[in-house]
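Comments concern the structure below.
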Amino acid sequence: HSMFSKFDVIIMDEASMIPLPAVYYASALAKESVVISGDFRQLSPIVTSKEKAILDEIGSDIFFKAGIQEAFENKTGLKRTVLLNTQYRMPDNVCRLISPRMYRSELLTEYKSSPAEMPEPFNSNLVVIDTSSLNPFVNKKGGSKYNLLNAVLARNICSRLNESKFTGSIGVCTPYAAQRDLINKLLQADNLEEKIESGTVHRFQGDEKDVVLFDVPDSYGEHYVGAFAQAELPSDSGSKLFNVAVSRSKGN
């Protein structure tokens with residue numbers, strides 16, 4: 001407390017994931033002003049409690065609490081805010097995948113770099129791999145899901161990129177911790193864990209990779225469809241999860 005009390009301005013980044021009590025505490029340490037930056041279309045704070053009263057109080061982010069999200073959705077004007085509408089990370093066709101769905105097409109791209117060279121059939125900015133014809137089966141471990149076929153496929157793609165002498169950074173992200181653990185074990189068995197980063201989507205918020213593999217385990221065998229698959233509105237948690245996963249890519 002004594003260290004931070006000497007500052008006139010407090011700046012908080014990635015604020016959508018900061019629990020509200022932490023935002024309030026840090027804000028109180030500023031002598032003059034507080035600058036809060038972040039994206040309310042990305043992941044909210046992680047709250048493990050199932051109590052509605054607790055979730056209502058600390059489960060949302062500062063943008064929702066301040067009415068900024070509502071103002072954006074209703075186009076009523078955004079007081080005290082500056083919209084940064086140009087990004088430089090991803091190519092235009094990746095940006096167009098999320099911009100109309102999450103940002104009313106207001107997110108634009110000025111992509112200066114060239115995408116990392118990829119071997120076929122992955123030599124495109126966007127590649128969708130449909131495993132439905134292989135009847136992948138999803139299982140549950142505790143409250144999390146895993147899909148062996150999808151995990152093996154992710155490992156095989158990583159091996160293929162490694163064998164092709166691809167030198168860019170690679171990230172494998174998935175909505176479920178059980179799937180992350182399974183993929184990590186497969187990467188370790190092939191001695192790829194030091195070259196390729198694997199984690200949940202929450203782990204990747206704020207990060208970026210030349211290539212992102214987004215693995216969705218939901219498939220046959222589980223009657224309950226996860227929040228990701230049920231998402232309809234940009235404010236839904238599944239939509240935010242998809243947005244973060246896709247926007248980590250610097251090229252492919």
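Here are the numbers:
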quantity: Top-ranked residue of segment 1-30 - restricted to ones that are touching a strand residue (DSSP E or B) at 6+ places or on another chain (Cβ under 8 Å), over 23 Å from Pro175 (Cα atoms) and open to solvent by 30 Å² or more (accessible area, probe 1.4 Å), ranked as modelled with the lowest pLDDT; calculated: Phe4
quantity: Subset of segment 211-232 that is under 16 Å from the mean Cα position of the chain (by Cα), open to solvent by 40 Å² or more (accessible area, probe 1.4 Å) and modelled with pLDDT of 85 or more - its residue that is nearest to Lys195 (Cα to Cα); calculated: Phe214
quantity: Count - residues of segment 160-180 that are buried (at least 18 other Cβ atoms within 10 Å of the Cβ) and closer than 27 Å to Ser16 by Cα; calculated: 11
quantity: Filter result for the condition that a residue is within 23 Å of Pro175 (Cβ to Cβ), β-branched (Val, Ile, Thr), out of contact with any Gly (no Cβ under 7 Å at 6 or more places or on another chain) and assigned to a loop (DSSP other than H, G, I, E, B), over Val128, Val152, Val94; calculated: Val128
quantity: Criterion (at pLDDT 90 or above and exposed (fewer than 13 other Cβ atoms within 10 Å of the Cβ)) met by exactly one of Ile129, Ile98, Ile157; calculated: Ile129
quantity: Test: residue in segment 75-84 that is in contact with a Ser or Thr (Cβ under 7 Å, 6 or more places away or on another chain) and either assigned to a loop (DSSP other than H, G, I, E, B) or surrounded by 15 or more Cβ atoms within 10 Å (Cβ to Cβ) (or both); calculated: no
quantity: Where Val34 falls short, out of the listed (1) surrounded by 13 or more Cβ atoms within 10 Å (Cβ to Cβ); (2) of a type outside the set (S, T, N, Q); (3) in contact with a Phe, Trp or Tyr (Cβ under 9 Å, 6 or more places away or on another chain); (4) at negative phi; calculated: (3)
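The values are calculated or read from the model by the stated rules, or taken from the named source; none is laboratory data. Note that the structure is a prediction, hence the values are computed from the model and not measured. As a convention, Cβ positions derive from the backbone with ideal geometry for all residues, glycine included, and neighbour counts pool all protein chains shown. Areas reflect the complete protein model, heavy atoms only, side chains present, ligands, DNA and RNA absent. Shrake-Rupley method; radii C 1.70, N 1.55, O 1.52, S 1.80 Å.
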